[in-house]
Structures are given as C-alpha cells and as structure tokens.
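J.: For reference, the structure I am asking about is given below.
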Amino acid sequence: MPTVYIALGTNLEPRAHHLEKALELFRALPDVELKRVSSIYESKPVGYLDQPDFLNLVFEAETDLLPLDLLDSCQSIELELGRVRTIRFGPRTLDVDIVLYGVESFEEERLIVPHPRMQERSFVLLPLQELNPELIVPKWNKTVKELVAELPPQDLEEIWKYVPKA
C-alpha cells in the first residue's frame with residue numbers, strides 16, 4: 001500500500017473541531033489507514049488576505065485507493081463538513097489536499113501530485129517535516145527539510161504551532 005500525505009486546512013469556526021471531525025472521517029474510510037498526524041499549526045492566509053487565520057495539519061496514511069479514488073474520498077469529506085467553493089483561496093470549513101502519493105508523480109486535470117505549490121507553503125512543509133524530514137519529494141528531488149530551508153524567512157514568521165485558548 002502506498003504511503004500518502006494529506007494536508008488539512010480550515011479557517012472557519014469551529015476550526016479545531018473541523019480538523020478533528022475530518023480525521024475521524026478519514027479513520028472511518030475502509031481503504032485508508034492513518035499512521036501519524038502532525039501537530040496543528042496556525043498560519044496567516046495566502047492569496048486572499050481578508051479572512052481569518054488558518055489551522056493546518058498533515059497526516060500520513062496508507063491506502064489501497066488509486067489517486068483519483070482517494071481524491072473523491074477527500075472531496076466527499078470536504079462536502080460533508082460544509083465546504084463551499086466561492087472565492088479562490090477564500091474562507092473554508094475544510095480544505096483537503098493530497099500532498100504526496102507514494103513516490104509517484106501524477107498529473108491529471110483533477111489532480112496533480114506532488115501538490116504543485118507545496119514547496120511554497122510553510123503550512124504544508126512544516127507539518128510534513130514534523131512527520132518525515134528526510135522524505136524525498138519526487139518533483140524537486142529534495143528532502144522536506146531542504147524544501148523548508150528554502151522558504152523565505154517571512155513565510156516562517158507567519159506560522160506557529162497552534163495553542164488552543166483555555
């Protein structure tokens with residue numbers, strides 16, 4: 001079974017609950033076995049800036065699903081948690097991205113793996129680094145740790161580990 005890395009993000013309340021519920025739904029999928037989950041990170045929005053901060057995490061799983069079937073499952077979970085696509089990069093209850101699917105590169109109209117912008121996104125790379133810093137990302141043939149080191153310093157200033165308010 002290939003190892004996959006999936007990123008979750010949310011910026012509509014209750015943010016932490018959306019992440020917990022999404023993980024619960026992924027654990028319930030018969031063909032997906034969650035292995036490890038990163039810490040939750042909080043980050044400033046990218047692209048469309050007039051919106052709340054995001055909570056993000058990455059999880060590692062094994063799956064028997066083919067890439068497009070996995071994408072269908074991811075999108076079903078987004079819909080179940082109320083995802084509505086209105087503004088590109090806008091507010092959302094849940095965003096699910098397949099970041100890596102084994103060591104494969106995969107490009108179709110609906111899915112590109114490795115995720116085409118992951119090397120620019122601290123909110124994907126830092127949680128991924130927490131899980132597997134030496135993982136080699138096929139498209140760039142670099143480790144996750146090397147990709148993190150290439151991030152602009154200001155990107156690292158706009159992300160921090162999430163601390164729930166008491």
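The values are calculated or read from the model by the stated rules, or taken from the named source; none is laboratory data. Treat the numbers as computed from the prediction; the structure is a model and nothing was measured. Neighbour counts are summed over all protein chains in view; Cβ atoms, including those assigned to glycine, are modelled from backbone coordinates with ideal geometry. The area values use the complete protein model at the heavy-atom level, side chains included, leaving out ligands, DNA and RNA. Shrake-Rupley method; radii C 1.70, N 1.55, O 1.52, S 1.80 Å.
J.: Given a cut-off of under 8 Å on Cα pairs at least six residues apart, what relative contact order in percent is computed for the chain? Please report the intermediate quantities before stating the final value.
T.: Values: 299 pairs, mean separation 47.2, N = 166.
28 percent.
J.: Same structure again: Positive end of the charge dipole of the chain (Lys, Arg +1 and Asp, Glu -1 on Cβ, about the Cα centre): tell me which of PRO30, GLY102, GLY9 has its Cα farthest that way.
T.: Working it through, the farthest residue towards the positive pole turns out to be GLY9.
J.: Can you run phi through the Karplus equation (6.51, -1.76, 1.60; θ = phi - 60°) for segment 98-103 and list ³J(HN,Hα) in whole Hz, with x for Gly and Pro?
T.: 7, 7, 9, 10, x, 9
J.: Treat each spin label as a single point 7 Å out from the Cα along the C-beta direction, and report the VAL46 to GLN75 distance in nm.
T.: It is 2.2 nm.
J.: Counting only protein heavy atoms, what percent of the accessible surface of the chain is carbon or sulfur at a 1.4 Å probe? Numbers along the way, then the final one.
T.: On the way: 4540 of 8660 Å².
Carbon and sulfur atoms account for 52 percent of the accessible area of the chain.
J.: Which order do the peptides 116-129, 149-162 come out in when sorted by mean C-beta neighbours inside 10 angstrom, highest first?
T.: Details: 116-129: 21.1, 149-162: 13.1.
Most protected by this proxy first, the peptides run 116-129, 149-162.
J.: With only Lys, Arg, Asp and Glu charged, each at its Cβ (+1 for the first two, -1 for the last two), find how big the charge dipole of the chain is about the Cα centre; round to the nearest 20 debye. Before the final figure, lay out the partial values.
T.: Values: 18 positive and 29 negative charges, 83 e Å.
The calculation lands at about 400 debye.
J.: Calculated from DSSP H runs of 4 or more alone, at -39500 (n - 2.57) each and per residue, what is the 222 nm mean residue ellipticity of the chain, nearest 500? If you can, show how the numbers build up before the last one.
T.: Numbers: 5 runs with 49 residues, N = 166.
Computed ellipticity for the chain at 222 nm equals -8500 deg cm²/dmol.
J.: May I ask you to give the solvent-accessible area per residue for segment 13-133, in square angstrom, as obtained with a 1.4 angstrom probe?
T.: In whole numbers, segment 13-133 has 49 Å² accessible per residue.
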